[in-house]
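Just below is one structure, and these are the notes that go with it.
The values are calculated or read from the model by the stated rules, or taken from the named source; none is laboratory data. Keep in mind that this is a model prediction, so the values were computed, not measured. Note that each Cβ is placed from the backbone with ideal geometry, even for glycine, and that neighbours are counted across all protein chains shown.
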Amino acid sequence: MKVKRKVFDAHTHIGELPPYKFYDLKEPVKPTVIEYPSAKEYIKHMDYYGIDRAMVISNYGVPDSSQPFSLNPVVLDSVHKADRLVGAIWVSGLAKDKERTEEALKHVKEKGIVALKATSLLGGTYNPSEWDDTVRGIWDSIVKAAEENNLVLHLHTSPGGGSDIGNALEFVKEYGKRIKIHLVHMGGGVSGHIRLVPRFLELIQDGYQIYTDTTWSIGFGSRWLLYEIERTGIGTDNVVFASDTPWGDFPSEYWKIEGAKISEELKNKIFWENAQKLYSR
């Protein structure tokens, strides 16, 4: 399969993960099947589908908050070697990762770095009302780095727990007029979509710098978001295409937008123009 237009894949993962014994499995597994250990393998993936540019982020998924930091060097090496790639530095709001985050933030000015990436999937919460002074200080340092270097902050969203869209929206209300915030997976799942879509448009109208993508979205979720954008004219610049490969499936995510009943103008903005503007330096 080759894409039909210019594509900027705005959220993907690079680097290898060790096999892990998830849940109650008897043996360690590598569930993604495919991985991209370096820029060389990742560029082959891009060429196979005809992808023009992409954002690479540390691959993660095992329940160890220190693991994604170990792949920041792979991200840096990749964006230094390939102009088609831009990268996000992995950071964390967890107190136990404070020193790792301080070290990671030393690289924000390097060539090709356009974003920071954090998750509460591995612990903690995005909700500022639940932070202690130490955690608030860490998040403030992350936001300061994003603000001073014009970096976008990627936040993973998924139903329940610290990464729940309700917590992410509290974070947006605290910091979203200072920095650009990309809510990955548009809230994650049925409840996340229903809670996010109306608020997404409202927050844009209220001046918050909020963005999202449609990875992992249930069928109605992306359809509803795109319908509301075309109906209202709000948010045409605030949705970017992403595949979340290797955890996501590029062809499936591509056709979710390519096959949608929306204007060619909006498709081109989602597939290329919005991310090219947001992530070009």
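From the residues in region 30-43 that are in contact with a strand residue (DSSP E or B) (Cβ under 7 Å, 6 or more places away or on another chain) and not in a loop (DSSP other than H, G, I, E, B), which one is surrounded by the most Cβ atoms within 10 Å (Cβ to Cβ)?
Only one residue fits best here, namely Y42.
Conditions (1) modelled with pLDDT of 95 or more; (2) surrounded by fewer than 17 Cβ atoms within 10 Å (Cβ to Cβ); (3) more than 17 Å from the chain's Cα centre (by Cα), marked per residue:
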residue	(1), (2), (3)
G176	yes, no, no
I179	yes, no, no
V184	yes, no, no
G188	no, no, no
G207	yes, yes, yes
I210	yes, no, no
F220	yes, yes, yes
L226	yes, no, yes
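Limited to region 217-247, what total is found for residues that are of a type outside the set (D, E, K, R) and without any contact (Cβ under 8 Å) to a residue 40 or more places away in the chain?
Selection size over region 217-247: 17.
In region 8-29, which residues are touching a strand residue (DSSP E or B) at 6+ places or on another chain (Cβ under 8 Å), in a loop (DSSP other than H, G, I, E, B) and farther than 18 Å from P68 by Cβ?
Within region 8-29, K21, P28 meet the criteria.
Taking K256 and the conditions (1) basic (K, R); (2) exposed (fewer than 15 other Cβ atoms within 10 Å of the Cβ); (3) closer than 26 Å to I14 by Cα, which numbered condition does it fall short on, given that it satisfies the others?
(2)
Here is a check on your reading of the model: is V75 within 25 Å of N150 (Cα to Cα) and either modelled with pLDDT under 95 or under 19 Å from the mean Cα position of the chain (by Cα) (or both)?
yes
So in region 157-174, with the set limited to residues that are buried (at least 22 other Cβ atoms within 10 Å of the Cβ) and in contact with a His (Cβ under 9 Å, 6 or more places away or on another chain), which one is nearest to V143 (Cα to Cα)?
The selected residue is A168.
Filter region 237-264 down to residues that are more than 16 Å from E35 (Cα to Cα), of a type in the set (G, A, S) and within 13 Å of the chain's Cα centre (by Cα), then give me how many there are.
Total satisfying the criteria: 1.
Restricting region 44-91 to residues that are in a loop (DSSP other than H, G, I, E, B) and out of contact with any Ser or Thr (no Cβ under 9 Å at 6 or more places or on another chain), which is nearest to L121 (Cα to Cα)?
P63
Would region 110-125 turn up any residue that is hydrophobic (A, V, I, L, M, F, W, C), surrounded by fewer than 24 Cβ atoms within 10 Å (Cβ to Cβ), assigned to a helix (DSSP H, G or I) and touching a residue at least 24 places away in the same chain (Cβ under 8 Å)?
no
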